[in-house]
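Notes for the one structure printed next.
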Amino acid sequence: MLVDLIRVPEPTCIDDMLDEPFGLLMLGASLEKAGYEVRITNLAGCDYESWKSKIKPADMYGIQLNTPTAPLGIKIAEYIKQKYPGTPVICGGSHVSAIEDFCELMVFDTIVMGEGDREIVDLATEHGAGIQLRKFVCARHIGDLDTLPFPARNLVDMDAFHRKVDGKRCFGIIGSRGCCFKCAFCDRTLFGEKIRYRSIDNIVAEIKHIIKEYGVRNFEMFDDMFTFHKGRVREFVEKTKGLKISYRCNSRSDMLDPSIYRMLRDSGCKMICFGIESGSQRLLNAMSKGTTVERNHKAISIARQAGITTAGYFILGFPGETKETINETKEFILRSGIDHAQVYTFIPLPGCDVYRNPSKYGMKIISKDYSDYYLVTGNDGRGGKIIETEHLSADELQEEVVKFRQFLKEYGSRGEVQDYYKDKLKYKDRNAAK
Ligand code: B12
């Protein structure tokens, strides 16, 4: 039986061929392990129409839906249902796990909420045995992540993706699932509130496997907080000694021990991306970020002193944002000397506290068109027009985002993140493209 796993294109994204479709490679690995034939149809790079010619016959289809890709994912499912009637089409992903109203997803034979690694295999088996598929499947968290096979990178052309670390093409690795922080802008429904870790031995085995099979030694650690656990960092550093790897990872400013940053540097960590979000303490508090502006300054300074390049993720337009708080964020960037800065428009993603309780945050959601829920600014450089807050209208917020990006370009001409965006931004009218 052939299972076709489909990655929905993101025509509003600056470059949707940046990273391999990691979740689908995980599902593909579990299916292959169970003896199924798998194809990944990676529609990244397609526009709103050109994907049609790439859909080929299969025995079962699985489509990954994130919030901004959900509307197009539904269209793809409708197309498959029309072209290959009788073939089951299943969906899963973070959007499916976070929403409460499933009406729009009724075209799918099965809607899988949560981690689909085990359930996709069960569904393929049930379909193979002629059993009528269940409409809803609520997947349980996988307790021991070491039991999962490594992502089936063999299913895609890994050279086709663009992400680089330390100037070279890198592969993604994820060593944990779940997050124990309660940031109001984040949707944690999929992986839950408890962090589950793979063992360091299992991660190192994957790194060795990649070096052997692909000759690649550069990695992006997708974990939400790679530096959270000092003992794990120490073990990782010890066990990767001699492998000559380079990597970048994500972090928060909770970790202020300089020895950790020196350890990371010595093990090949070239860049740490901090979730800074804002230069305003009032906004950090409103976001329930659980950190302070001063801690953020300190973490950046310690990492830079250790010789690691620092990058910061910033959110613009969280409820309570004003022109003054935007200036505080600009001042933060200037004073911290952070090497790279990337700005995201605040979008109340389904599942996050702001989406669930907009009035608590003094905010109005003005669009329920999920294709506008893109937060990485999109290829028009503006970010979706989704909310109105007490202080900024949707138009004002878009204007501020454009101005902020201009500020970042000027500030970050030495930064590869800005250079990347400078080359890719087309500023096209995305409504005309839809
Ligand atoms: C790394 C990352 C990225 C990377 C690359 C992701 C990649 N290689 O696939 C980049 C930077 C490119 C990225 C982009 C985006 N991301 Co992102 N990203 C992440 C991050 C940190 C890890 C993702 C990951 O690899 N997880 C591990 C894999 C195994 O999980 P998974 O892909 O979700 O797949 C599992 C399940 O969802 C399910 N499943 C998935 N697909 C299917 C399909 C079927 C049929 C079934 C049955 C099950 C199933 O089973 C899988 C295995 O367990 C997560 C946060 C997190 N900690 O998960 C955010 C996260 C997934 N991203 C998010 C968002 C919003 C985006 C963007 C939409 C941003 C934007 N453009 O505005 C884009 C969308 C990209 C796309 N085309 O899908 C949100 C999604 C929330 C939502 N409601 O949609 C998350 C959850 C962050 C957050 N908490 O807000 N992202």
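Most simply put, segment 163-433 has about 25% antiparallel DSSP beta bridges, counting only bridges with both residues inside it.
Applying the criteria of a DSSP loop state and at most 10 other Cβ atoms within 10 Å to the GluC sites (Glu not before Pro) of segment 87-180 yields E100. The simple Förster model, with R0 at 30 Å and r as the Cβ-Cβ distance, assigns K368 and E324 a FRET efficiency of 0.50.
Converting phi to 3J(HN,Hα) with the Karplus coefficients 6.51, -1.76 and 1.60 and the offset θ = phi - 60°, segment 141-148 yields 5, 7, x, 10, 5, 5, 6, 7 Hz in sequence order, with x at every glycine or proline.
Charge dipole of segment 2-138 (Cα centre as origin; +1 on each Lys and Arg Cβ, -1 on each Asp and Glu Cβ, all else neutral): 460 debye, rounded to the nearest 20.
Projected label points at R262 and R39, each 7 Å from Cα along the beta carbon direction, are separated by 5.5 nanometres.
Rg/Rh for segment 163-433 (Cα atoms only, Rh after Kirkwood) is 0.97. Take each peptide in 398-407, 57-66, count the other Cβ atoms within 10 Å of every residue, and average; sorted highest first, the result is 57-66, 398-407.
Between A394, L145, N357, the Cα set farthest toward the positive side of the dipole of the chain (charges on each charged residue's Cβ, about the Cα centre) is that of L145. Sorting 236-243, 367-374 by their mean Cβ neighbour count within 10 Å, with the most densely packed peptide first, gives 367-374, 236-243. Using the Karplus relation 6.51 cos²θ - 1.76 cosθ + 1.60 with θ = phi - 60°, the per-residue 3J(HN,Hα) values for segment 158-171 come to 5, 6, 7, 8, 9, 4, 10, 10, 6, x, 10, 3, 10, 10 Hz, with x marking Gly and Pro. Along its first, second and third principal axes, ordered by size, segment 29-173 spans 48, 40, 31 Å in Cα coordinates.
For segment 211-339, the normalised intensity computed at q = 0.10, 0.12, 0.17, 0.18 Å⁻¹ comes to -0.34, -0.48, -0.85, -0.92 (log10 of I(q)/I(0), Debye sum over alpha carbons, equal scatterers, no solvent).
The R295 and E213 beta-carbon pair, evaluated with R₀ = 35 Å, returns a calculated FRET efficiency of approximately 0.30. For A341, the residues 5 or more places off, or on other chains, whose built amide H falls under 5 Å of its own are G312, Q418. Exceedance of the 29 Å cut-off in Cα-Cα distance is limited, within the set K230/K289; K56/K385; K239/K270; K164/K368; K52/K403; K54/K409, to K56/K385; K164/K368; K52/K403; K54/K409. Fully extending the segment from R282 to D19 would add 91.3 nm, taking 0.36 nm per residue of separation and subtracting the current Cα-Cα distance.
Under the criterion of Cα pairs below 8 Å and six or more residues apart, the relative contact order for the chain equals 13 percent. Couplings 3J(HN,Hα) of segment 279-294, computed from phi: x, 9, 5, 4, 6, 4, 5, 4, 7, 6, 6, x, 8, 10, 4, 5 Hz, in residue order, whole Hz [Karplus 6.51 cos²θ - 1.76 cosθ + 1.60, θ = phi - 60°; x for Gly and Pro]. When only Cα pairs below 8 angstrom with a gap of at least 6 residues are kept, segment 1-65 shows a relative contact order of 56 percent. Annotation: the antiparallel percentage among DSSP beta bridges lying fully within segment 2-138 is about 0.
Qualifying chymotrypsin sites (Phe, Trp or Tyr not before Pro) in segment 143-225, where qualification requires a DSSP coil assignment and no more than 16 other C-beta atoms within 10 Å, comprise F222.
Helical content alone sets the calculated 222 nm signal of the chain at -10000 deg cm²/dmol, taking -39,500 (n - 2.57) per DSSP H segment of four or more residues and averaging over every residue.
Reported to the nearest whole Å, the Cα centre-to-centre distance from segment 187-255 to segment 120-142 is 31.
When you filter the GluC sites (Glu not before Pro) in segment 1-84 for DSSP loop state and at most 16 other Cβ atoms inside 10 Å of their Cβ, you are left with E49.
Legend note: in the chain, cysteines whose Cβ sits 4.7 Å or more from every other cysteine Cβ are C13, C46, C91, C103, C138, C170, C179, C180, C249, C269, C273, C352. In this structure the amide hydrogen of T41, modeled in the peptide plane, comes within under 5 Å of the amide hydrogens of L5, I6, R7, none closer than 5 places in sequence on its chain.
So the label point goes 7 Å from the Cα of K409 along Cα→C-beta, right? Which residues of segment 334-369 then have their backbone N under 16 Å from it? Flagged as within label range: 341-343. Computed from the C-beta positions of C180 and Y84, the FRET efficiency with R₀ = 35 Å rounds to 0.20.
Read-outs throughout are calculated quantities, based only on the coordinates presented, and are distinct from any laboratory measurement. Keep in mind it's a predicted model, so treat the numbers as computed, not measured. No Cβ is skipped: glycine too gets one built from the backbone with ideal geometry, and neighbour counts run over all protein chains shown.
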